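What follows is calculated from the coordinates using simple rules that are stated; it is not laboratory data. All values derive from a computational prediction rather than experimental measurement. Positions of Cβ are backbone-derived with ideal geometry, glycine not excepted, and every protein chain shown enters the neighbour counts.
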Amino acid sequence: MNSISLLLLSLSAMLPACASAPGPASLAHNVYIKLAAPNNVAIHELSRDCRALAKIPGVLHLTAGPRATDIERDYNDEAFDVAVHLVFANNTLFERYLVNPLHKKLLAKWAAKITTIRVFDFRPGQ
């Protein structure tokens, strides 16, 4: 399969999540996390802990998991171990998510084990 086909396949896999985000005010919140001492156990534990954030009211969609280490291309950014993709209906629900005790607990648990967190927010469908 050529790289264009892989790109189209990847984008088509994201369409259901984008379609479920209502209206122009929706917010996609993407977080890329680099662990200080990455190993399979820590990566999978962090991914699991991040998926638990889906319980927070206002989260329309959440997926989390390890970087796809089997995909190697010159233009791929490999400076992360775990990625999290969330969708919110609006900024108010996103702001509530940020201060939710479950979110704060996850940050406190992992803060000392993380070297870098990069966040990319965008408006799906605009």
query: Out of the residues in the stretch 100-123 that are among the basic types (Lys, Arg) and under 15 Å from the mean Cα position of the chain (by Cα), which is farthest from Ala37 (Cα to Cα)?
result: Arg123
- request: Report, by residue number, each residue of the stretch 23-69 that is charged (D, E, K, R) and assigned to a loop (DSSP other than H, G, I, E, B).
  value: Arg67
statement: Looking across the stretch 35-80 at residues that are closer than 19 Å to Leu106 by Cα and hydroxyl-bearing (Ser, Thr, Tyr), the single one that is surrounded by the fewest Cβ atoms within 10 Å (Cβ to Cβ) is Thr63
- prompt: Exactly one of (1) out of contact with any Phe, Trp or Tyr (no Cβ under 7 Å at 6 or more places or on another chain); (2) assigned to a strand (DSSP E or B); (3) within 30 Å of Ala25 (Cα to Cα) is unmet by Thr115. Its number?
  reply: (3)
statement: Taking the stretch 70-99 and keeping residues assigned to a loop (DSSP other than H, G, I, E, B), in contact with a Leu (Cβ under 8 Å, 6 or more places away or on another chain) and within 25 Å of Gly58 (Cβ to Cβ) leaves Ala89, Asn90
